[in-house]
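To keep things clear, I will list the structure first and then write my remarks on it.
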Amino acid sequence: MSTEPLVELRDVTFGYDERVVLDRVSLHVPRGRVTVIMGASGGGKTTVLRLIGGLVRAQHGQVCFDGQDVGALDRKGLYAARRRMGMLFQYGALFTDLSVFDNVAFPLREHTRLPEPLIRDIVLMKLHAVGLRGARDLMPVALSGGMARRVALARAIALDPELIMYDEPFAGLDPISLGTAARLIRQLNDTLGLTSIMVSHELDTAFAVADHMVVLANGRVAVQGTPDEVRRCPDPLVQQFITAAPEGPVHFHYAAPAVAEDYGPEAAR
Ligand SMILES: Nc1ncnc2c1ncn2[C@@H]1O[C@H](COP(=O)(O)OP(=O)(O)OP(=O)(O)O)[C@@H](O)[C@H]1O
């Protein structure tokens, strides 16, 4: 297996309209490992995933997936690259009118011409991997939040991706479901030989699961490395973040006009 990172952002700048969200960001995602991206809310974590998935394009720099610049791919190339990625976005919604089985079968029916008996075997195998083979006939409405998340995960791995991206996979989960989901992410990564990228606000879980961490702050990479390296990083931005301190250099305010401009010079005094 290549030792090159599976994903690499090189000097990437990206903004929505005029507002720069990522400012000359370089980061890498080692193959076969779990990488956790952390950072303040609105710091561009989801945007990094969207860039990797080719949903948006960088204004400057390169976003490389297995050596290919995702931003330079044509439709066909992008489609082929995306087939190798599984994405599980926040609250990864299931199709409410389809059973658990049909939800997981959906990408297989949509993207392959596999015969139904083979699809059945794959679906049951994926559901087994997330511990829900017995729940195949349930409708999404009958699932707990943690179970729904696991079904979405089974669906995300249905096509055997090489890379799987999770956006806040633990949002809204109780501590037990959170522990189960975290262990599952680790397990799937290792047993299926995946590379995983996870955006998470759950500090303890992030430190427990990650092999590699990237902390984004104020549009830049404040630090990246092993959990230990991140813990030892002296940068106050990083320390504020990993100790969840409410006061510190991480901006509280979304960029705004000067107070005087909004309320008049009196208010600024
Ligand atoms: N489609 C969009 N159009 C305009 N601005 C956007 C769009 N999507 C995101 N943004 C802005 O870009 C910034 C980064 O958003 P992003 O979702 O990447 O942050 P995040 O770090 O994932 O945040 P959170 O942790 O709160 O989910 C935010 O300020 C957001 O308001």
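Could you tell me how many of the residues in segment 190-231 are farther than 16 Å from Val7 by Cα and of a type in the set (Ser, Thr, Tyr)?
Of the residues in segment 190-231, 4 are farther than 16 Å from Val7 by Cα and of a type in the set (Ser, Thr, Tyr).
Quick one: Ala206 ticks every box in (1) more than 15 Å from the ligand (Cβ to nearest atom); (2) in a helix (DSSP H, G or I); (3) in contact (Cβ under 8 Å) with a residue 40 or more places away in the chain except a single one, so which number is it?
Exception for Ala206: condition (1).
Could you check segment 252-269 and list, in sequence order, the residues that are of a type in the set (Gly, Ala, Ser) and either modelled with pLDDT of 65 or more or in contact with a helix residue (DSSP H, G or I) (Cβ under 9 Å, 6 or more places away or on another chain) (or both)?
Ala256, Ala258, Ala260, Gly264, Ala267, Ala268
Could you give every pair whose Cβ atoms fall below 6 Å, whose first residue belongs to segment 22-49 and is more than 11 Å from Arg220 (Cα to Cα) and without any contact (Cβ under 8 Å) to a residue 40 or more places away in the chain, and whose second residue is within 12 Å of the ligand (Cβ to nearest atom) and in a strand (DSSP E or B), counting only separations of at least 6 or pairs across chains?
Partner pairs satisfying both residue conditions: Thr47/Val21.
Go through segment 175-203 and give me each residue that's within 16 Å of the ligand (Cβ to nearest atom) and touching a strand residue (DSSP E or B) at 6+ places or on another chain (Cβ under 8 Å). Before you say what the answer is, go through the steps one by one.
Within segment 175-203, the subset within 16 Å of the ligand (Cβ to nearest atom) is 197-203.
Of everything in segment 175-203, those that are within 16 Å of the ligand (Cβ to nearest atom) and touching a strand residue (DSSP E or B) at 6+ places or on another chain (Cβ under 8 Å) turn out to be Ile197, Met198, Val199, Ser200, His201, Leu203.
Mind checking whether some residue in segment 193-200 is part of a helix (DSSP H, G or I), out of contact with any Cys (no Cβ under 6 Å at 6 or more places or on another chain), farther than 26 Å from Thr13 by Cβ and not aromatic (Phe, Trp, Tyr)?
Within segment 193-200 (the criterion being part of a helix (DSSP H, G or I), out of contact with any Cys (no Cβ under 6 Å at 6 or more places or on another chain), farther than 26 Å from Thr13 by Cβ and not aromatic (Phe, Trp, Tyr)), the answer is no, since none of the residues qualifies.
Return the residues of segment 65-114 that are within 23 Å of the chain's Cα centre (by Cα), of a type in the set (A, V, I, L, M, F, W, C) and more than 29 Å from Glu4 (Cβ to Cβ); say none if nothing qualifies.
Ala93, Leu94, Phe95, Val100, Val104, Ala105, Phe106, Leu108
If you go through segment 61-92 one residue at a time, how many are free of Cβ contacts under 8 Å to residues at least 24 places away in the same chain, outside any helix (DSSP H, G or I) and either surrounded by 14 or more Cβ atoms within 10 Å (Cβ to Cβ) or in contact with a helix residue (DSSP H, G or I) (Cβ under 7 Å, 6 or more places away or on another chain) (or both)?
Going through segment 61-92 one residue at a time, the tally reaches 3.
The values are calculated or read from the model by the stated rules, or taken from the named source; none is laboratory data. Note that this is a predicted model, so its numbers are computed, not measured. A quick note on method: Cβ atoms are made from the backbone with ideal geometry, for glycine too, and the neighbour counts reach across all protein chains shown.
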